[in-house]
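Taking it in order: structure first as structure tokens, then the write-up.
The values are calculated or read from the model by the stated rules, or taken from the named source; none is laboratory data. As the structure is a computational prediction, the values presented were derived from the model and not from experiment. Every residue, glycine among them, receives a Cβ derived from its backbone with ideal geometry; neighbour counts consider all protein chains shown. Ligands, DNA and RNA are stripped out before the accessible areas are found, and what is left, the full protein with its side chains, is counted by its heavy atoms. Shrake-Rupley method; radii C 1.70, N 1.55, O 1.52, S 1.80 Å.
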Amino acid sequence: MKKHKIKPTPSKFNILRQICNFIPQHTVSKIAKDTGAEDMSRTITPWSHVVSQCYAQLTHSMGLNDVCDSLQLHSGPLASIRGATPPSRNGFSNANRERPAEMAEKLFWAVMSHLQEQSPGFVAGRRRGAAFRFRVPIHVVDTTVIELVANCMDWAKHRRRKAAAKTHMRLNLQSLLPNFVIVDTAGEHDNKRARELCAGVRNGEIVLFDKGYVDFGHLKALDERGVFWVTRAKDNLAYEVVRKMPQSKDQKILRDEVIRLSHPTKPAPELMRRVVALVEIDGEEREMVFLTNNLQWSPRSVADLYRCRWQIEVFFKQIKQTLQLADFLGHNANAVRWQVWIALLVYVLLRYLSYVSKWAHSFTRLFTIVRAVLWSKIDLLDLLGRYGTAKGSFRNLAQPEQAYFAGFL
């Protein structure tokens with residue numbers, strides 16, 4: 001019996017060009033002009049710079065030579081991508097160092113806005129997981145540390161002999177797409193960035209974050225704005241019980257009470273909800289203490305909402321395992337920011353490709369297929385429509401129980 005072979009429709013354009021075509025024409029040149037990046041590093045145009053960075057992400061390039069040599073060998077197909085040219089090693093390095101990363105940041109948000117206009121359902125997403133019953137937008141706030149080499153010590157010193165950068169993010173739970181991102185050094189505490197990350201959250205919406213972002217003055221401000229929040233309580237929290245809530249029928253809920261802080265002069269919400277629940281971690285049940293400003297939800301809803309917070313951990317795990325955030329093309333702060341923003345841009349482009357092609361398999365498989373045929377002239381949407389014989393629906397993200405809270409998710 002003959003095996004069915006995949007024969008996608010030929011195309012006039014290579015796969016890399018088809019992906020880059022999702023970036024609106026003239027957007028890069030306009031942003032480069034607005035940010036002053038156009039006049040910096042004239043040996044490589046802003047568009048060629050962006051394409052080279054995207055190529056580095058899609059191929060997991062390990063250094064400047066890897067990117068530049070490969071693009072030089074494919075200079076013909078590269079030129080078909082709106083006239084992009086292969087950079088020299090020194091020119092690419094200089095562009096990463098001198099061309100402001102603000103250009104990459106603005107490009108990311110411009111592409112997000114464009115894709116939202118093209119396909120509103122892509123950014124709107126859908127209700128998922130334990131939060132399916134909530135009809136309002138849910139935001140998840142967290143940070144991930146990106147380890148750097150010792151060459152970054154002068155600007156990104158993290159611990160005594162380590163260097164690192166931090167990416168603070170507010171993720172939309174429904175679409176699993178970033179709403180707000182800050183790329184900075186790892187030396188600053190997370191709660192210093194909490195107000196910036198939550199500035200765009202509107203009245204009636206929900207925001208979830210870990211106890212590293214707990215700042216009671218900020219929680220009070222969110223409460224006054226009508227924003228609901230769920231977080232974890234710190235072990236040394238000093239509080240007074242105002243009243244106990246009715247006993248839950250759920251045996252995993254140990255305590256449910258309304259509290260206030262013991263220090264009345266300290267800025268904080270007047271009343272908070274404290275829910276103690278049993279959570280299975282590594283096969284063992286442990287107590288976890290949750291805080292929220294919503295006094296109406298059931299205690300199970302509070303625990304379920306915090307459970308959704310782990311989606312951002314899965315998101316970080318996915319981009320770190322799939323995209324190139326391990327080997328950096330430059331060691332200065334600007335080059336690192338360029339690479340992080342372009343990694344997020346490539347993630348969004350691939351997610352959009354997954355959306356329009358109705359891809360039913362994992363994000364990792366999508367990435368590996370695209371990487372394998374990057375210079376091939378075949379119709380990408382047709383390829384993804386034909387690829388694979390497995391039936392059923394697969395998650396776009398890694399399974400969280402592989403590393404996080406087995407049994408709780």
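Quick test for you: out of Ala238, Ala194, pick the one residue that is small (Gly, Ala, Ser) and touching a Leu at 6+ places or on another chain (Cβ under 7 Å).
On the way: Ala194 fails: touching a Leu at 6+ places or on another chain (Cβ under 7 Å).
After applying the criteria, what remains is Ala238.
Residue-by-condition table, conditions (1) closer than 30 Å to Ala95 by Cα; (2) surrounded by 15 or more Cβ atoms within 10 Å (Cβ to Cβ); (3) over 26 Å from the mean Cα position of the chain (by Cα); (4) modelled with pLDDT of 90 or more:
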residue	(1), (2), (3), (4)
Leu254	no, yes, yes, yes
Ser262	no, no, yes, no
Ala268	no, yes, yes, no
Met272	no, yes, yes, yes
Leu278	no, yes, yes, no
Glu285	no, no, yes, no
Phe316	yes, yes, no, yes
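For (1) under 16 Å from Leu350 (Cβ atoms); (2) at pLDDT 95 or above; (3) open to solvent by 60 Å² or more (accessible area, probe 1.4 Å), each residue gets a yes or a no:
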residue: Gln18; (1), (2), (3): yes, yes, no
residue: Phe22; (1), (2), (3): yes, yes, no
residue: Gln25; (1), (2), (3): no, no, yes
residue: Ala37; (1), (2), (3): no, no, no
residue: Asp69; (1), (2), (3): no, yes, yes
- Does the range 303-345 hold any residues that are touching a Gly at 6+ places or on another chain (Cβ under 8 Å) and in a loop (DSSP other than H, G, I, E, B), and which are they? Asp327, Leu329
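Of all residues in the range 346-386, count the ones that are in a loop (DSSP other than H, G, I, E, B) and acidic (Asp, Glu).
Here is the first cut: in the range 346-386, the ones in a loop (DSSP other than H, G, I, E, B) are 358-362, 373-377, 379.
Next, from what is left, pick out any that are acidic (Asp, Glu): 379.
The number of residues fulfilling the criteria is 1.
For (1) β-branched (Val, Ile, Thr); (2) under 20 Å from Gln318 (Cβ atoms); (3) modelled with pLDDT of 85 or more; (4) outside any strand (DSSP E or B), each residue gets a yes or a no:
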| residue | (1), (2), (3), (4) |
| --- | --- |
| Arg170 | no, yes, yes, no |
| Ser175 | no, yes, yes, yes |
| Ile182 | yes, yes, yes, no |
| Gly187 | no, no, no, yes |
| Glu196 | no, no, yes, yes |
| Val201 | yes, no, yes, yes |
| Ala221 | no, no, yes, yes |
- Which numbered condition Val356 misses (of (1) under 27 Å from Lys106 (Cβ atoms); (2) buried (at least 19 other Cβ atoms within 10 Å of the Cβ)): (2)
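Taking the conditions exactly as written (in a loop (DSSP other than H, G, I, E, B) and within 28 Å of the chain's Cα centre (by Cα)), does Ser61 satisfy them or not? Before the answer, list the steps.
On the way: in a loop (DSSP other than H, G, I, E, B): yes; within 28 Å of the chain's Cα centre (by Cα): yes.
Considered against the rule, which asks whether it is in a loop (DSSP other than H, G, I, E, B) and within 28 Å of the chain's Cα centre (by Cα), Ser61 comes out as yes.
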- Item | Failed item in (1) in a helix (DSSP H, G or I); (2) out of contact with any helix residue (DSSP H, G or I) (no Cβ under 7 Å at 6 or more places or on another chain); (3) surrounded by 20 or more Cβ atoms within 10 Å (Cβ to Cβ), with Leu291 passing the rest | (1)
